[in-house]
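Below is one structure, written out as structure tokens; comments come after it.
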Amino acid sequence: MAPTPTVDAEGAPQASAPEPRSAVRRRRKRALYESIPTHHYALIAVISLAVLFLLWLFISTRGLVNTLFLPTPMEVWQATVTWQSDGTMLLDTKDSVIRILLGFAISSAIAIPVGIFMGVSKRVEAAVEPPVDFIRYMPAVAFIPLTLIWFGTDEIQKIVILFIGVFFQEVLLIMDHVKVVPRQYVEMGYTLGFTRWQVIRRVVFRSAAPGIVDTLRICMGWAWTYLVVVELVGANSGLGFRIQSAQRYLDTPTILAGIIWIGILGLTFDFAFKAFYNKAFPYMKRGR
Amino acid sequence: MADLLHIDHVSKSFEQRKGDAHLVLDSIDLTLGEGEFVSLLGASGCGKSTLLRIVAGLEVPSDGVVWLDGHEIVAPGRDRGMVFQQYTLYPWLTAKRNVEFALVDTPKKERPEIAAEYLEVVGLSDFADHFPSQLSGGMQQRVAIARALALRPRVMLMDEPFGALDAQTRGLMQELLLSIWERDRLSVLFVTHDVEESLILSDRVCVLGARPGRVREIVNVDLPRPRVYELRDSAEFITLKHHVHSLIHDEAVKATGLGNVLARGGYS
Ligand SMILES: Nc1ncnc2c1ncn2[C@@H]1O[C@H](COP(=O)(O)OP(=O)(O)OP(=O)(O)O)[C@@H](O)[C@H]1O
Ligand SMILES: [Mg+2]
């Protein structure tokens, strides 16, 4: 039969014989939750970031706003180079990262066991949850003046604020992950002859581990916010301090350079967590 | 005769709201001999799982005692190998590691060998390194069976292990279980609501009535072994099947409270 143009059900004209398969595919709707190849994902992500960047470039170079308020990308780059060249960028980063790692590690080291015991024991939950909930609703940053009186601008003060900001959220999220461990897993553990302690360690913890790592990743994001706040208010070093001192000279390029650098560091930590997750839990097929 | 397992007048009631107790099992008395295969058969909700969980030590009877080798069962233990109704493989362990996981009191060096042996028994040697999420439902239940077998338990407790499988796979799994049972001289207490399944597998079928669960009748299944698929067409099998079906039907009507509705429709 001659390849005459035909019209499909929806009325769109199309060539009949040569490529019917691709025509069918083109019309198929994207399925919800459909997975896509990694390079596809990366491409979309890069485009999305590029659009954001171009928008910034456009707004700042076309004089739509005063560059004092929104410096151009070139100015920010220049500020970054200056900041980097005298070594302060490295020092600021080091101080901030040490603080966040310490605060986060202390919070997590306590939150993980406490959260697990709250999850498996109603008695522990009853004892711990009410005070945790109570403190959780007190804004962590409101403790800054108090901690400054207690500890001055000592490193301890930063760690304490990070702890207050992170621990009380973290412990409840971990408890929830432990609560949803399927009961059959626990009962199976008992029928295998495990003691309560073995069940907690070998079954409950392992079953909740992916959720716990996810919680840590999310809490790390909050930790960054609290770190910067605490450095803005009372510190002599660190990324927040650098932003704060730039503000005194209306040095908006440095402020933006600091903010973007914090974003990049945060993203790096996030990536590290995700990489660890995929490595440690290969059975969680869907990953992210 | 000294029985391996004796469910000695076990009753169980669950606390409803405000001290209102709901009797689920009423004075169940049943024995299981060494090397015997006994099924618990009954309609959904009649308390089969509850009874098995009591034997497993996961649930405490309200009244009565379960004896295993003359000792009262007070807690779960490795002398009873449990296969649950739902799939209970640990998703973070491969098939092989799931079986090894059960072998806590075996020296570490010997575990892989034993695990490999039992995966071989259930025909899954090629899937030893697969995670449960990469296995079909039937395969997962086979690993679960291998895990229970690896404990070398005194008795296997199986709660509708093939309930979620299609008829074809189910039949094959029954054959597999029978071959293992004959090979290892296992003692099995097997829960099912499938009449044919109970007859094909068991030496005796304990038919449970519903609301509360009582032993309605214990049916001896004197069919020749090894049992082949064609047995299902034999006259003895069909007679037994009809008998058990009618027992179950009466109980199901009672349990669902559908008696009046069905009578109105003129059915049966
Ligand atoms: N922990 C519990 N608390 C209260 N009631 C329960 C509990 N466990 C079971 N029951 C009740 O006991 C009855 C029997 O439940 P069971 O799970 O033993 O039935 P079953 O025979 O195994 O049913 P199925 O074939 O559907 O698995 C049901 O009415 C159920 O609601
Ligand atoms: Mg059941």
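What the table shows:
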{"quantity": "Ellipticity estimate at 222 nm from DSSP helix runs (n ≥ 4, -39,500 (n - 2.57)) divided over chain B, nearest 500", "calculated": "-11000 deg cm²/dmol"}
{"quantity": "DSSP H segments from chain A that extend 27 Å or more along their own axis, Cα-based, with Kyte-Doolittle mean of 1.6 or above", "calculated": "A:38-61"}
{"quantity": "Distant-in-sequence amide H partners of B:G123 (H built 1.01 Å from N, under 5 Å)", "calculated": "none"}
{"quantity": "Considering only chain B, percent of DSSP beta bridges that pair antiparallel, nearest 5", "calculated": "55 percent"}
{"quantity": "Summed residue charge, Cβ within 15 Å of A:S237's Cβ, Lys/Arg positive, Asp/Glu negative", "calculated": "-2"}
{"quantity": "Separation between Cα centres of segment A:159-176 and segment B:180-221, rounded to whole Å", "calculated": "53 Å"}
{"quantity": "Burial ordering of A:V132, A:V180, B:V207, B:V99, fewest other beta-carbon atoms within 10 Å first", "calculated": "A:V180, A:V132, B:V207, B:V99"}
{"quantity": "Degrees separating the helix B:111-121 axis from the principal Cα axis of chain B, which is the longest one", "calculated": "50 degrees"}
{"quantity": "Charge tally in the Cβ shell below 12 Å around B:L89, where Lys, Arg are +1 and Asp, Glu are -1, B:L89 excluded", "calculated": "+4"}
{"quantity": "Cα-projected label distance for A:Y283 with A:I264, points at 7 Å along beta-carbon direction, nm", "calculated": "4.0 nm"}
{"quantity": "C-alpha long axis of helix B:137-150 to longest principal axis of chain B, angle in °", "calculated": "70 degrees"}
{"quantity": "Cα-based shape type of chain A, given that a ≥ b ≥ c are square roots of the gyration tensor eigenvalues and the cut on a/c is 1.5", "calculated": "oblate"}
{"quantity": "Nearest 10 degrees, 0 to 90: helix B:235-256 Cα axis against chain B principal axis", "calculated": "70 degrees"}
{"quantity": "Most mobile of B:E196, B:E100, B:E15 in a GNM of chain B (Cα contacts under 10 Å)", "calculated": "B:E15"}
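Just so you know, all these numbers are worked out from the coordinates, no wet-lab data involved. Here the structure is a predicted model, which is why all the values come from computation and not from measurement. Every residue, glycine among them, receives a Cβ derived from its backbone with ideal geometry; neighbour counts consider all protein chains shown.
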